[in-house]
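Derivation of every value follows stated rules applied to the coordinates shown; laboratory data play no part. Not measured: the values here are computed from a predicted model. Positions of Cβ are backbone-derived with ideal geometry, glycine not excepted, and every protein chain shown enters the neighbour counts.
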């Protein structure tokens, strides 16, 4: 097997960006993707067909009071989870990086907002984000958005009235979806098929933006390649490659100077734990610890006005972050949350209006579906999940078809995070009442996004990697993706994943000889 | 279209119950949808059960629950599910969405809890009754497909 400069495990948001940047700098890169090949022309507009994009690899065991919803939140195949992400791209706030210092809670990040700000700015220019930085009054410092804001359709106008009546503010939702043609990608048609994958490339999925750049540089993507082990030299302090198995079960060795794990927050620690007795790069004992998932506070309602709920983006149209900064000043609980207002909704699937009120059946359901098709409204709070060490990924006693132990996840929300979610739900109902909803109700807690499990930090005692995702114990082994987050904040993670990955890629290139020595 | 995973008795029970929960499910092909997915390779399975921390194969989930459904109905009403009046099947559904009805096995070969089966079957039925291009038309909402599905639930060949 020919040695390559860099192996990247996973072709999602972090993997594709890393591959593009390293290959553009002249590095030979191979991506090993556990799932099948996905092409833009495979992205059928259907909530039923969309399920094909979700996790379909080795089963994942989940327990705890608030399971993290691995299948719904993870991807499988080219583009990974970001292929079906909704492209809501707000920034973390200044205080998200210093929760321990400011509130004596959780942990601090090893970097400040100012360290990551230039990378947020670079990414938004490269990829394109539609938004209005002046209307988004909560936004931390940063360059103006390069694209005008997304349009507001009837649903968001109706719901925004409720915010206004209660003295709360709204702004356009920052979306990595083109409001006009940008970077060779077309403007969105606002048809709400984001969850099924966007074949037009208006939404900045890996297939739309960074993977084509990587492929242009001859990055080799091998699909159906399930990495089973990271290989090290005899000292155990240097990664030398990986073992992977293809669809037929053949065991293949790929050698490399640098190994980058970008297989999301569950499979990265699973791979580390399976690669050495006690886990590779696990001097801290924290590989797998601090798994987090935002709690979605779901609010639904029916309005007399036409809401056209089929129009817009799946992530929503408007934003409110009045309950974000000053994490200790919430009515209930502790932390931050944001409202994503007026998601485009289909009739079916977990987030469809048909599933919003499961107590309805028979003729009442028929009546509801007819009304909801034109008068439904919804919004979702993305609620911070405080890191809890006991929320972890461990290896199961059960194994996959290759004989590798399955990932076993435990997740029970911190009591203050759960209280925060309850407070958000209640606030949402008050807003819908103020907006004039004739009926209003909440959904159950929905897990949204997966973070942690290989957190970054200052030392090998309190974290798995440094701020660049470089493992404390192994200089040429990196981790990329939301698994690095020491805290979750209350915003969608994909923009921050891009910013952190860009920062890491520059570090790797600037320190190449030191990294591989 | 012949069934590959379900027998006729199971299909009849599935059609009957799903149509009572989501009117129109039977004529929309609910039993064919489920039968097709149960016959597909695990990684191509498109049932909503994928999202609910259940790992395929899913056949036993449905067949054991259908058996429990018939057993519980017979215990409560002393007749076949197909002979229930509209009021009786509605009453039974209102029970099964909240708890296991009497007679729903809780030891031995345990079917899924009745409320979970209700939620899953309801979601499946909404998929085929409301989640297709033709159903969007009938609800007078635009489908706006970028790439239209060649079949409501079968993968393109």
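From the alpha carbon centroid of region A:208-276 to that of region A:487-514 is 18 Å. Altogether, the Stokes-Einstein calculation at 10 °C and 1.306 mPa s, with the Kirkwood radius of the protein assembly as shown over Cα pairs as Rh, returns a diffusion coefficient of 62 µm²/s. Counting Cβ atoms of other protein chains within 10 Å of each Cβ in B:45-53 and taking the mean gives 6.
Centroid-to-centroid, using Cα positions, region A:9-43 and region A:415-482 are 25 Å apart. Neighbour counting of Cβ atoms within 10 Å sorts the residues B:99, A:98, fewest neighbours leading, into B:99, A:98. Averaged over the residues of B:142-155, the number of partner chain Cβ atoms lying within 10 Å of the residue Cβ comes to 6. Taking every C-alpha pair closer than 8 Å and separated by at least 6 residues, the mean separation divided by the residue count of region B:8-138 gives a relative contact order of 31 percent. With both partners inside chain A, how many of the DSSP beta bridges are antiparallel, as a percent to the nearest 5? Expressed as a percentage, antiparallel bridges in chain A total about 70.
Here the spin labels are modelled as points 7 Å beyond Cα on the Cα-Cβ line, and at residue A:389 and residue A:125 they lie 4.3 nm apart.
Quick check: from the Cα gyration tensor, does region B:8-138 come out rounded (a/c under 1.5), prolate or oblate? In terms of gyration-tensor shape, oblate. The distance separating the Cα centre of region A:58-75 from that of region A:136-201 comes to 29 Å. The calculated FRET efficiency for residue B:99 paired with residue A:25, based on their beta-carbon distance and R0 = 45 Å, is about 0.15.
Here's the picture: a label point sits 7 Å out from the Cα of residue A:218 along the beta-carbon direction, and within region A:1-32 the residues with their amide nitrogen under 16 Å of it are A:2-6, A:20, A:22-31.
Site pair residue A:240 and residue A:397 shows an inter-label distance of 3.5 nm when each label is modelled 7 Å from Cα along Cα→Cβ.
Counting other Cβ atoms within 10 Å as a rough exposure proxy, the listed residues A:27, A:401 run A:401, A:27 from fewest neighbours to most. By definition, a body whose alpha carbon gyration tensor gives a ≥ b ≥ c is oblate when a/c is 1.5 or more and a/b is not larger than b/c, and region A:74-230 fits this oblate description. When a/c reaches 1.5 or more, the comparison of a/b and b/c decides; with that in mind, is region A:356-417 rounded, prolate or oblate per its Cα gyration tensor? Oblate is the answer for region A:356-417, as a/c is 1.5 or above yet b/c matches or exceeds a/b.
Taking all Cα pairs closer than 8 Å and separated by 6 or more residues, the relative contact order of region A:420-468 comes to 19 percent. Once C-alpha pairs closer than 8 Å and six or more residues apart are averaged by separation and normalised to the residue number of chain A, the relative contact order reads 23 percent. Compactness of region A:474-517 was expressed as the Cα radius of gyration divided by 2.2 N^0.38 Å, which yields 1.32.
With all pairs of different C-alpha atoms in the average, the Kirkwood value for the hydrodynamic radius of region A:299-430 is 17.4 Å. Model label sites at residue B:140 and residue B:71, defined 7 Å from Cα along the beta-carbon direction, differ in position by 4.7 nm.
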